[in-house]
Amino acid sequence: MCRRITGNPSDAEDAAQEALIAIVKGLERFTGGSRFGTWAYRVTVNACLDELRRRRRRAAPGLPGEEEGDYALGAVVGAGRGASQSPEEAVVDRLDVDAALARVTPDFRAAVVLRDLCGLEYSEIAEILDIPLGTVRSRIARGRAAVADLLSGNLAAPSDRPIPSQ
């Protein structure tokens, strides 16, 4: 989950470590007002979003002019493959989805990852992200649409398009 939200293995490791530390330190304060798993997901998502904020403050590694996620621009995943997908095609598809997710805004990315990759219910996601249920539905729908646009070859990053605030 951390890798999918942060979009970077190194940042994901940092976020996962921070989440585990926060969970252990916060066990005494866990009151049982929600399920433990829901609470742990919330701590982990918060650690991932914190890591994304820290990343914005750091200088980006790589060559000048190189943008994160450029390696997957224009990729169309799974076009016409159906159920007969080879393991190699499955890996390529997963990398393309990861690259597209990395270009979606963090709020939308977190909602999509929690629903589509972690299989959580909308109510659990609302509790984890501390947002209304309608906002969860909206973020998932808009996040999925942004990922689909990127995977179908629409090269404009979702964050480049005006998105009304919620």
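Does segment 100-117 contain at least one residue that is open to solvent by less than 50 Å² (accessible area, probe 1.4 Å), farther than 18 Å from D11 by Cα and at pLDDT below 90? Among the residues of segment 100-117, not one is open to solvent by less than 50 Å² (accessible area, probe 1.4 Å), farther than 18 Å from D11 by Cα and at pLDDT below 90, which makes the answer no. Inclusion of I140 among residues that are within 26 Å of F30 (Cα to Cα) and at pLDDT 90 or above is not warranted. Filtered by the rule that a residue be among the hydrophobic types (A, V, I, L, M, F, W, C), in a helix (DSSP H, G or I) and either open to solvent by less than 50 Å² (accessible area, probe 1.4 Å) or modelled with pLDDT under 90 (or both), segment 1-26 gives C2, I5, A12, A15, A16, A19, A22, I23.
The values are calculated or read from the model by the stated rules, or taken from the named source; none is laboratory data. As the structure is a prediction and not an experimental result, all values here were calculated from the model. Heads up: the accessible areas ignore ligands, DNA and RNA and are worked out on the full protein's heavy atoms, side chains in. Shrake-Rupley method; radii C 1.70, N 1.55, O 1.52, S 1.80 Å.
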